[in-house]
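The values are calculated or read from the model by the stated rules, or taken from the named source; none is laboratory data. If you're wondering where the values come from, they're calculated on a predicted model, not measured in any experiment. FYI the Cβ positions are ideal-geometry reconstructions off the backbone, even for glycines, and counts take in every protein chain you see.
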Amino acid sequence: MSKSIKLAILGLGTVGTGVLRLLEDNLAELKRRSGHDIIITEVGTRRQRDDINPSIQQNSDLMAIAASDNVDIVIEVMGGQTVAKDVIIHAIKQGKHVVTANKALLAEHGNEIFALAEKHHVHVAYEAAVAGGIPIIKVLREALAANNIEWLTGIINGTGNFIMTEMRDKGRDFDDVLHEAQALGYAEADPTFDVEGIDAAHKLALLASIAFGIPLQFDKVYCEGITDITLQDVTYAEELGYRIKHLGFAVRRYDTANGDSLDMPSLAQTATGIELRVHPTLIPENALLANVNGVKNAVLVNSHPLGQTLYYGDGAGAGATASAVMADVMDLIRVLTATNHGHHVPHLAFMPDALADTPILAIDHIVTGYYLRLQADDTPGVLAGVTGILSEAGINIDAILQKPVHQKGQVPIIILTLPVVESQMNVAINKIEALAAIHSKVVRIRLHDLT
Ligand code: HSE
């Protein structure tokens, strides 16, 4: 029998407005797919809006909406970690299912929120929290449920990728592109979350939990953003056949060399555990991820026995995010209307009592290649001194470029290395920086061969 499913939208910013528009445009299709009527009964907004259909009740009391008998599913798209958390917890306690796009809240408080949802037998769905419109949560939790996930990597912040692409292709100024990303509705309310890598780190924490079956551990994600990337490094990397992309990595690291583990050198001194890190990364220009541009996101997953699969699409913006929000709503409608209350996919993909306590590795245990840029005196023997230090540390050089760009008798030297444990590289960099002929800090960007 056909029912009327009642939705409340909390927050009418880019995403909330996108959900309203999507329902206006696609309601007939959604009804055909679900078999039920879908009605927005309430919106939570601080100030009354005159552009909202008068049949929808506008209310600034979000707690009242979360408890309203006139609401079956609460859609939280206002962001933040204080009011949003209180409202979601209230809705769960009232037995309401919740859909949220709030990656910061879930990455930092998801363990508590999901436990409460389990207790109250409701769902907190969060497809829109990661990679915009790409259905990567569903893929990891459901489509790849038969696989052992070895590692995943990807571009998971649309704003950052948009900025890097515009800077590289058009030579545009960082702040100018950031303003455009804000105007297009891509950026977070606080855009430092985008450019300092924090937003990507939130998303990576979520992806890692559902990939590996571990509790959420945002505080252990190593995080570097894009603010220190210069056009100079972008250009040198391109001359050597590489692009610089801001990537997130979640890698299961084994104690023995394993063919499926990422960039594992045969003699690496590696630790067992999980790498969680976001940082700028050199990747070969012909790698698929190197050609993901603008606001697009992409996630590359290596799983056994499936192998590598790639998921690509808009990572931010009203339409993409609304698509993910409403996909969750459709799932919940199926749960609400199933005769036996339907299936239950665990919030973090694995049963809550079966989460693993595999350690998260510190950044100095990771293994990658490196791009190094040094500012050196243009005098005999300098290069030999630098390569001698790398050789002593057992670091294999893959390419060297010395640019005839003289500035005060100094030249830039660019070195690419093969994969090495980060702690070994730290020792070498400290020694190189101590050489009298080397000026300023060594620029270091990690490098992965993702072809
Ligand atoms: N600010 C985010 C981004 C929005 O640019 O990716 C989508 O999560």
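Observations
- A single member of THR358, THR281, THR321, THR272 is closer than 30 Å to ILE429 by Cβ, of a type outside the set (A, V, I, L, M, F, W, C) and surrounded by 21 or more Cβ atoms within 10 Å (Cβ to Cβ), and it is THR281.
- Test: LEU231 is more than 18 Å from VAL295 (Cβ to Cβ), aliphatic (A, V, I, L, M) and either within 15 Å of the ligand (Cβ to nearest atom) or not assigned by TED's automatic domain parsing to the domain that holds MET78 (or both): yes
- Residue-level check: of (1) in contact (Cβ under 8 Å) with a residue 12 or more places away in the chain; (2) assigned to a helix (DSSP H, G or I), ALA64 misses just (1).
A quick yes/no check of all residues on (1) at pLDDT 90 or above; (2) not assigned by TED's automatic domain parsing to the domain that holds GLU112:
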site: VAL329; (1), (2): yes, no
site: THR339; (1), (2): no, no
site: LEU372; (1), (2): yes, yes
site: PRO380; (1), (2): yes, yes
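- The residues of region 91-104 that are within 16 Å of the ligand (Cβ to nearest atom) and in contact with a strand residue (DSSP E or B) (Cβ under 8 Å, 6 or more places away or on another chain), listed by number, are VAL99, THR100, ALA101, ASN102.
- Only residues that are within 16 Å of the ligand (Cβ to nearest atom) and either crowded, with 20+ Cβ neighbours inside 10 Å or of a type outside the set (D, E, K, R) (or both) were counted across region 195-228, and they come to 18.
- Considered as a group, the residues in region 179-194 that are touching a Leu at 6+ places or on another chain (Cβ under 9 Å) and not aliphatic (A, V, I, L, M) include one that is farthest from the ligand (Cβ to nearest atom), and that residue is PRO191.
- Pick from region 308-323, criterion assigned to a helix (DSSP H, G or I) and touching a strand residue (DSSP E or B) at 6+ places or on another chain (Cβ under 9 Å), ranking: nearest to the ligand (Cβ to nearest atom): THR321
- Verdict on GLU118 being in contact (Cβ under 8 Å) with a residue 60 or more places away in the chain and either part of a helix (DSSP H, G or I) or small (Gly, Ala, Ser) (or both): yes
- Across region 105-163, the qualifying residues are those that are out of contact with any Ser or Thr (no Cβ under 8 Å at 6 or more places or on another chain) and among the polar types (S, T, N, Q), and the one among them that is farthest from ASN293 (Cα to Cα) is ASN111.
- One residue from ALA354, ALA384, ALA349 being free of Cβ contacts under 8 Å to residues at least 40 places away in the same chain and away from the ligand (no atom under 16 Å from the Cβ): ALA384
- Hey, GLY158 modelled with pLDDT of 95 or more, under 24 Å from GLU285 (Cβ atoms) and more than 9 Å from the ligand (Cβ to nearest atom) or not: no
- Only listed residue being surrounded by 14 or more Cβ atoms within 10 Å (Cβ to Cβ) and in contact with a strand residue (DSSP E or B) (Cβ under 6 Å, 6 or more places away or on another chain), chosen from ILE389, ILE400: ILE400
- Residues of region 298-307 classified as in contact with a strand residue (DSSP E or B) (Cβ under 9 Å, 6 or more places away or on another chain) and surrounded by fewer than 21 Cβ atoms within 10 Å (Cβ to Cβ), total: 5
The rows are residues; the columns are (1) within 16 Å of the ligand (Cβ to nearest atom); (2) free of Cβ contacts under 8 Å to residues at least 40 places away in the same chain; (3) in a helix (DSSP H, G or I).
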position	(1), (2), (3)
GLY79	yes, no, no
ILE89	no, yes, yes
HIS109	no, yes, yes
PHE114	no, no, yes
GLY132	yes, no, no
ILE137	yes, no, yes
ARG168	no, no, yes
VAL177	yes, yes, yes
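- Some residue of region 80-94 being under 19 Å from the mean Cα position of the chain (by Cα) and not assigned by TED's automatic domain parsing to the domain that holds ILE210: yes
- Evaluation of VAL122 against (1) within 24 Å of the chain's Cα centre (by Cα); (2) surrounded by fewer than 23 Cβ atoms within 10 Å (Cβ to Cβ) (one fails), failing number: (1)
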